[in-house]
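This report refers to the structure that appears directly beneath it.
The values are calculated or read from the model by the stated rules, or taken from the named source; none is laboratory data. Here the structure is a predicted model, which is why all the values come from computation and not from measurement. Here Cβ is always computed from backbone atoms with ideal geometry, including for glycine, and neighbour counts include all displayed protein chains. Protein only, heavy atoms only, side chains kept; ligands, DNA and RNA dropped before computing areas. Shrake-Rupley method; radii C 1.70, N 1.55, O 1.52, S 1.80 Å.
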Amino acid sequence: MHRLPRRSVSAILRHGGARHRTTAAPISCASTHLGSVGETDAKVRWHSALASGKFNPCNPTVQFASNNGLCFGNRFESSAAASDASAESPAERFEYQAEVNRLMDLIVNSLYSNKEVFLRELISNASDALDKLRFLSVMEPDLLKGGGDLDIRIQTDKDNGIIHIIDSGIGMTRQELVDCLGTIAQSGTAKFSKLLKDSKDAGGDNNLIGQFGVGFYSAFLVADRVVVSTKSPKSDKQYVWQGEANASSYTIQEETDPEKLIPRGTRLSLYLKRDDKGFAVPERIQKLVKNYSQFVSFPIYTWQEKGYTKEVEVDEDPAESKKDEENEKTEVPKKKTKTVVEKYWDWELANETQPIWLRNPKEVNTEDYNEFYKKTFNEYLDPLASSHFTTEGEVEFRSILYVPAVAPRGKDDIVNPKTKNIRLYVKRVFISDDFDGELFPRYLSFVKGVVDSNDLPLNVSREILQESRIVRIMRKRLVRKAFDMILGISMSEDRADYDKFFENFGKHLKLGCIEDRENHKRIAPLLRFFSSQSEDVMISLDEYLENMKPEQKGIYYIASDSVESASNTPFLEKLLEKDLEVLYLVDPIDEVAIQNLESYKEKKFLDISKEDLDLGDKNEEKEKEIKQEYGQTCDWIKKRLGDKVASVQISNRLSSSPCVLVSGKFGWSANMERLMKAQTVGDTSSLEFMRGRRVFEINPEHPIIQNLNAASKINPDDEDAIRAIDLLYDTALVSSGFTPENPAQLGGKIYEMMGLALSGKWSTPVAEVQQPGPQHHNPETLEAEGQHPATPHHNSEILEAEVVEPVEAGTQK
């Protein structure tokens, strides 16, 4: 024990106790000391107190001093509230060990990111106290006598901002209070666990939660003053520990007030800060318990206001009563009643949901899994699939994973790496659901579930899962189980199940092709695409391989913005003739995903819109002849197009189209170029580089190309031929999926060609209807020459004949 300077002692005598005698209003117990009362009597007396609406502290109490709470010090100045019923025993004052000022500042301001975790830590301490008592009672059954049931109870005083946490655990002696609440990082739970491991009689695992010894001091996140009243079954006396925030010492004194004595355990009272009195609302406490400590193995009760309806009589108005008597003289008068809600306070169980992941999977049915899923994740639809498993070996944990029925909407989309879909528990105590890829990669972020482990690398606040080899192993096993679950859906007899899954989460799997190269073999069988032979129903890559031709060298695909657009592209012409199936990549992410896969079961993916396409039907002699015949034409066209194309080649993929524009082997396809242009933050400087190589392929069997071949040999400078080359290139841009550089110019060329084709077909050109120069004929003169003046009808016929004849004789058509 440390001595205080005389000046500090005099200051405490002047100010230390007065402040808290007015604010601390301990809840008194109407019953007498229960130390010698049997368990049954204690229960009866407890419930009788509940019926009267009074709080009875003579019930199970909270032990947190040696559990999860770091047994390090805080600076507190406090004194016990005076009792009029009995004389106080002298309070001993102790100095905290080590640099408490700095440490308490770290705890309150840096260690915990969220204030509400204080309740989780204190409940964990209480659970450890109950667990210790249960273990020790195996060897010493007398420890359980007279202390009531093993449970945790939380009561709040909303008006005064006080929270009481009571457990019926092992309690603490005076020396344990000094050791655990006055020494830095002295975890009683850690010591107890070590003793159990060293003991030969400690069979099996224990469920003690505390590790570091800082949990108790999380109370000062929200409280200015903390009072711990504790009674150990190993001691005849009950002690009270009191400490204040920002104080360098604490006090311990013996409890002598008979109304405050408890049979066993700990009662922790938090006197909340002004800004944190909202935590004393019963509904908020209930919510925090359900979130953080729902699966603690001991029952947790909270003090809640409840109500029931009843009928009560209503006083009638004398005037109305007299009128009713006149109207119903013969009938028996009925008394008027109304329904009112009668309010009362009672204990309510807060952790009624049991952790089904601790049960044997063979004993849990589908309805149990679905109910747990809906309640835990606030869902209204049953999951598509679930997986319940236990992993043993280097890393041991239990888990239940679910595949939701629908995809998330809003902010929890595919680009959001942070979700709250995985709830991490350590020994059934909720730690966090805020992960950024530690347990699941981003593309599997839609998987929901719980993971419970007894030993994870957590930081001191037990809020952050630290990166380590254990976490990497756990992540790998969780991912593997998730894929097994999805594969089970794909193998379901009802194909609609997987269609529904892929509609919701197909993009996530395709993202996995880009981000997770290690799992390509697991992802690829789960992908689905439309194809040239299945435009209505998606097929798997395995189904595509089954339909492949023996001579086919790879998996053909075309990327487009829709199935209709892909099915009408000129790149497909020759492949459809040969009955070769082509995959349609119509999702924006499809092309990137396939390029990252590169191959599937030793079959490479081949883009039919890129150069050097091999269809397996090469005839070298025929190709040589065609090149000799059309070589001059290719050079002529290349000279006209200039830098717009890298080269002009003879095509082996066209049958009905005159030409097509294909992409370079290592550049962007037309679809990818369109997507990259649409990117809001895309790099425009790379557009020219990636789209630089384009190859203009011509079809030597098409009449237009044959005519141009003749023109290149007879009159290569013919304006009509040159104009046809320009129009062919612009048309090939559009039909191949590219965007024309000058749409207006392309439109002008098309209008010009349409004008030539349609000139005079349905109407009479004005220039040809009017004769050159005015000619006046006298009807009499016409009759003299043997001609008759024409009527308007006949005149129109003559004019029409005159128009048609020169058109038929001319070269325009």
- Conditions: (1) at pLDDT 90 or above; (2) open to solvent by less than 50 Å² (accessible area, probe 1.4 Å). Residue 595 meets all but one. Number of the miss? (2)
- Show the residue pairs that are 6+ apart or on different chains and have beta-carbon atoms under 8 Å apart, the first residue being within segment 146-163 and farther than 19 Å from residue 224 by Cβ and touching a residue at least 60 places away in the same chain (Cβ under 8 Å), the second being among the acidic types (Asp, Glu) and crowded, with 20+ Cβ neighbours inside 10 Å. 151/167; 152/167; 153/167
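Considering 545, 580, which residue is assigned to a helix (DSSP H, G or I), without any contact (Cβ under 8 Å) to a residue 60 or more places away in the chain and among the aliphatic types (A, V, I, L, M)?
545
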- Query: What is the one condition in (1) at pLDDT 80 or above; (2) farther than 22 Å from residue 237 by Cα; (3) buried (at least 24 other Cβ atoms within 10 Å of the Cβ) that residue 96 does not satisfy?
  - Reply: (1)
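Matching residues to (1) surrounded by 14 or more Cβ atoms within 10 Å (Cβ to Cβ); (2) over 30 Å from residue 136 (Cα atoms); (3) not assigned by the TED database to the domain that holds residue 216:
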{"position": "244", "(1), (2), (3)": "yes, yes, no"}
{"position": "263", "(1), (2), (3)": "yes, no, no"}
{"position": "279", "(1), (2), (3)": "yes, yes, no"}
{"position": "282", "(1), (2), (3)": "yes, yes, no"}
{"position": "289", "(1), (2), (3)": "yes, no, no"}
{"position": "293", "(1), (2), (3)": "yes, no, no"}
{"position": "296", "(1), (2), (3)": "yes, no, no"}
{"position": "311", "(1), (2), (3)": "no, yes, yes"}
{"position": "314", "(1), (2), (3)": "no, yes, yes"}
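Among the residues that make up segment 273-290, is at least one of them in contact with a Ser or Thr (Cβ under 6 Å, 6 or more places away or on another chain) and under 30 Å from residue 359 (Cα atoms)? Full working, then the answer.
First, the residues of segment 273-290 that are in contact with a Ser or Thr (Cβ under 6 Å, 6 or more places away or on another chain): 280, 282, 285-286.
Of the ones still in play, those that are also under 30 Å from residue 359 (Cα atoms) are 285-286.
For segment 273-290, residues in contact with a Ser or Thr (Cβ under 6 Å, 6 or more places away or on another chain) and under 30 Å from residue 359 (Cα atoms): present.
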- Message: Yes or no: segment 553-561 includes at least one residue that is crowded, with 21+ Cβ neighbours inside 10 Å and either farther than 25 Å from residue 734 by Cα or free of Cβ contacts under 8 Å to residues at least 24 places away in the same chain (or both).
- Response: yes
- Note on the structure: Note on segment 628-640: residues open to solvent by 40 Å² or more (accessible area, probe 1.4 Å) and under 27 Å from residue 558 (Cα atoms) are 638
- Task: Name the residue, out of 643, 590, that is exposed (fewer than 14 other Cβ atoms within 10 Å of the Cβ) and either assigned by the TED database to the domain that holds residue 710 or not hydrophobic (A, V, I, L, M, F, W, C) (or both).
- Result: 643
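Do you know which residues across segment 583-628 are farther than 30 Å from residue 508 by Cα, among the polar types (S, T, N, Q) and part of a helix (DSSP H, G or I)?
Matches in segment 583-628: 628 only.
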- Message: Quick check on my filter: what residues within segment 562-577 are among the small types (Gly, Ala, Ser) and either surrounded by fewer than 18 Cβ atoms within 10 Å (Cβ to Cβ) or in a loop (DSSP other than H, G, I, E, B) (or both)?
- Response: 562, 565, 567
- Message: Cβ contacts < 8 Å: first residue closer than 26 Å to residue 667 by Cβ, restricted to segment 600-629; second residue assigned to a loop (DSSP other than H, G, I, E, B) and of a type in the set (Val, Ile, Thr), any location; separation 6+ or different chain. Result?
- Response: 609/569
- Task: Report yes if some residue within segment 328-335 is over 19 Å from residue 486 (Cα atoms) and modelled with pLDDT of 85 or more; otherwise report no.
- Result: no
- Query: Taking the stated definitions as given, is residue 118 modelled with pLDDT of 80 or more and either of a type outside the set (Ser, Thr, Tyr) or assigned to a helix (DSSP H, G or I) (or both)?
  - Reply: yes
- Query: For segment 579-586, does any single residue satisfy the condition of being open to solvent by 30 Å² or more (accessible area, probe 1.4 Å) and within 23 Å of residue 443 (Cα to Cα)?
  - Reply: yes
- Message: For segment 647-680, give me each residue that is under 15 Å from residue 585 (Cβ atoms) and not in a strand (DSSP E or B).
- Response: 668, 669, 670, 671, 672, 673, 674, 675
- Task: With the condition kept exactly as written, say whether any residue in segment 406-421 is modelled with pLDDT under 90, touching a Gly at 6+ places or on another chain (Cβ under 7 Å) and closer than 24 Å to residue 515 by Cα.
- Result: yes
- Item | Selection status of residue 711, of a type in the set (A, V, I, L, M), more than 56 Å from the chain's Cα centre (by Cα), assigned by the TED database to the domain that holds residue 661 and buried (at least 17 other Cβ atoms within 10 Å of the Cβ) | yes
- Query: How many residues, within segment 514-548, are over 21 Å from residue 444 (Cβ atoms) and open to solvent by less than 60 Å² (accessible area, probe 1.4 Å)?
  - Reply: 10
